[in-house]
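The next block holds one structure in the form of structure tokens; read it before the comments.
The values are calculated or read from the model by the stated rules, or taken from the named source; none is laboratory data. Model, not experiment: these values are computed from the prediction. A quick note on method: Cβ atoms are made from the backbone with ideal geometry, for glycine too, and the neighbour counts reach across all protein chains shown. Just so you know, the surface numbers come from the protein's heavy atoms only, side chains and all, with ligands and any DNA or RNA stripped out. Shrake-Rupley method; radii C 1.70, N 1.55, O 1.52, S 1.80 Å.
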Amino acid sequence: MNGACPPPEQFVDLLACPVCHSELRYAPAPAGDGPGTYGILTCGNHSFPYLDGVAVLTGGTIDVHVQIGDSLIQRGPDVREVVARIRAGRGADALADLLTPPAPPPAWVARLPGGRRFHRRSGARERFRRRRRATTARLMVREDSTAQDWFEWFYRESDDDTELFNHFLCRFGQPRDLANLELTRVLPDGDDPVLDLAAGFGHLAHQLRSERSSRPVVCLDRNLFQLWAAKRFVAPGAWFVCSDADAALPLASDGFAGALCGDAFHLLHHKNAAVTELLRCAPDGPIVLARVGNVLVEPREGEELTPQGYFDLADGESVRIVDEDTLVDWYLRGIGPQFAAPADVHSLAGQKWLSLVIGARAARDHPPHDGMLHARGDLSVNPLYRDSGEGRVVFEFPSPWFRFENKRMAEYCAREAELPPGTGDIVVDVGVREGLARSFVLLSLPQRYLRGQRRCVAAP
């Protein structure tokens, strides 16, 4: 399974200074004010924080950005300030500040015309945020905290964004998730690292680690709070770098066996430069750009291109492009990606979500699989299943928007299933366990993902 977060000395060779692109070395911090690993990454001329498993390789300030777009949610402290706090043995203290989300306005302020805008622009939000820091510090050290607790803290209790909470909590098993799993089949075998660009909360990294536990996965994202939650709860065996995915990457050249970017590439401004950077890091490929939006189909987000526009980002002979529905069909049938023949780009004009694979090694038909990549390792009850009583669970979309985004789940997820009642682990025979996994009632979830998480084990 995922394993513990590896020490920074194991992956510092894959990193590079974001300012001068020189090699970095790691120096541990003095004993600090809390648990975790803290230190300094330096090239000799520039220094950067290492905060409890996350290498922060960015200049300027450590900001919090919106999920889609460039807007700032919160301006963070300067990197030099955080480095100074680590050197003073206050790394955990600095991390608690960075993980504390901005405070939402009180209900009476939110109801006023322009109340939310006033709250953001006045000093009130920062005063409320300082009061919330104590809650963050407690969550950081609670042994029974889960990813669900942090999703709620970041979204429901801060931005009042239930849709993002639903999206991340119920990410496993979504159509985009199955498409990503199908695309991982193009990665070469071996123990060389893979880059997960714009990794978010590390859902894909968890599945890569579950499927190929010996392979290092480096997760890079601009939001520290997502990476820290990924490190703690979702993919603790991966390595984490906080940096902008839409800029020169603070990574060594030719250090990776492949790279993936799921659900984010169409948000980048400098797409040609991003492909160039990915090929610098993984020159032999494959480069997987999963779930990019087609500008010809509404609704639109980010800076989408046409299918031809995406195709033109790389040498056409080594590019394969496919729509999400086809990938999901391949996954459910277990046939493996069929990339021997180039796709007809013009036939994709009406498809909203596309994926690209760049690299000659991936441009072939890949072998079949058992269609159970979502069920590797420990299995738990899918959070989309609600206990209806009397030993039955029922599939339920959490919102109309979630249904719109993931309507295909109604095709392959069982409408209901029998499960033993109670709150503890579920013990069933091997055949029943496999059937529940094939119908997506059970998924491979990280060990500390849900509150009251019910795991399913096979009877001896």
### Message
Can you say whether D221 is open to solvent by less than 20 Å² (accessible area, probe 1.4 Å), charged (D, E, K, R), within 12 Å of the chain's Cα centre (by Cα) and within 24 Å of D329 (Cβ to Cβ), as far as the supplied structure shows?
### Response
no
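Residue-by-condition table, conditions (1) modelled with pLDDT of 95 or more; (2) hydrophobic (A, V, I, L, M, F, W, C); (3) more than 11 Å from the chain's Cα centre (by Cα):
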{"site": "P175", "(1), (2), (3)": "yes, no, yes"}
{"site": "A179", "(1), (2), (3)": "yes, yes, yes"}
{"site": "L197", "(1), (2), (3)": "yes, yes, no"}
{"site": "R215", "(1), (2), (3)": "no, no, yes"}
### Task
Being of a type in the set (A, V, I, L, M) and within 24 Å of the chain's Cα centre (by Cα) narrows it down to one of A343, A375, so name that one.
A375
### Task
Identify the residue in segment 142-152 that is open to solvent by 10 Å² or more (accessible area, probe 1.4 Å) and assigned to a helix (DSSP H, G or I) and, among all such residues, is nearest to F201 (Cα to Cα).
Q148
### Query
Got a number for residues in segment 24-70 being over 19 Å from the mean Cα position of the chain (by Cα) and among the acidic types (D, E)?
1
### Query
Among P102, P106, which is the only one that is buried (at least 16 other Cβ atoms within 10 Å of the Cβ), of a type outside the set (A, V, I, L, M) and either touching a helix residue (DSSP H, G or I) at 6+ places or on another chain (Cβ under 7 Å) or at pLDDT below 95 (or both)?
P102
### Query
Among D312, D254, which is the only one that is charged (D, E, K, R), over 30 Å from Q10 (Cβ atoms) and out of contact with any helix residue (DSSP H, G or I) (no Cβ under 7 Å at 6 or more places or on another chain)?
D312
### Message
I need a count of the residues in segment 351-404 that are closer than 30 Å to A314 by Cα and of a type in the set (S, T, Y).
### Response
1
### Message
Given the criterion open to solvent by 20 Å² or more (accessible area, probe 1.4 Å) and under 21 Å from the mean Cα position of the chain (by Cα), identify the matching residue among E301, E317.
### Response
E301
### Message
Give me the strands (runs of 3 or more DSSP E) completely within segment 361-458, filtered to those with at least 1 residues that are more than 19 Å from N166 (Cα to Cα), open to solvent by 40 Å² or more (accessible area, probe 1.4 Å) and touching a residue at least 24 places away in the same chain (Cβ under 8 Å), ordered by residue number.
### Response
385-389, 392-395, 416-418, 426-428, 455-458
### Query
Of the residues that sit in segment 32-62 and are closer than 22 Å to F201 by Cα and β-branched (V, I, T), which one is surrounded by the fewest Cβ atoms within 10 Å (Cβ to Cβ)?
T61
### Some residue of segment 207-214 being of a type in the set (S, T, N, Q) and in contact with a helix residue (DSSP H, G or I) (Cβ under 7 Å, 6 or more places away or on another chain)
yes
### Message
With the structure loaded, tell me whether L183 is open to solvent by less than 10 Å² (accessible area, probe 1.4 Å) and under 23 Å from E324 (Cβ atoms) or whether it fails that test.
### Response
yes
### Query
What's the number of the condition L204 fails, among (1) touching a Lys or Arg at 6+ places or on another chain (Cβ under 8 Å); (2) open to solvent by 10 Å² or more (accessible area, probe 1.4 Å); (3) free of Cβ contacts under 8 Å to residues at least 60 places away in the same chain; (4) under 22 Å from G53 (Cα atoms)?
(1)
### Task
Can you give me the number of residues within segment 329-346 that are modelled with pLDDT under 95 and in a helix (DSSP H, G or I)?
2
### Query
A88 fails exactly one of the following numbered conditions: (1) modelled with pLDDT under 90; (2) out of contact with any Pro (no Cβ under 7 Å at 6 or more places or on another chain); (3) open to solvent by 40 Å² or more (accessible area, probe 1.4 Å). What is the number of that condition?
(1)
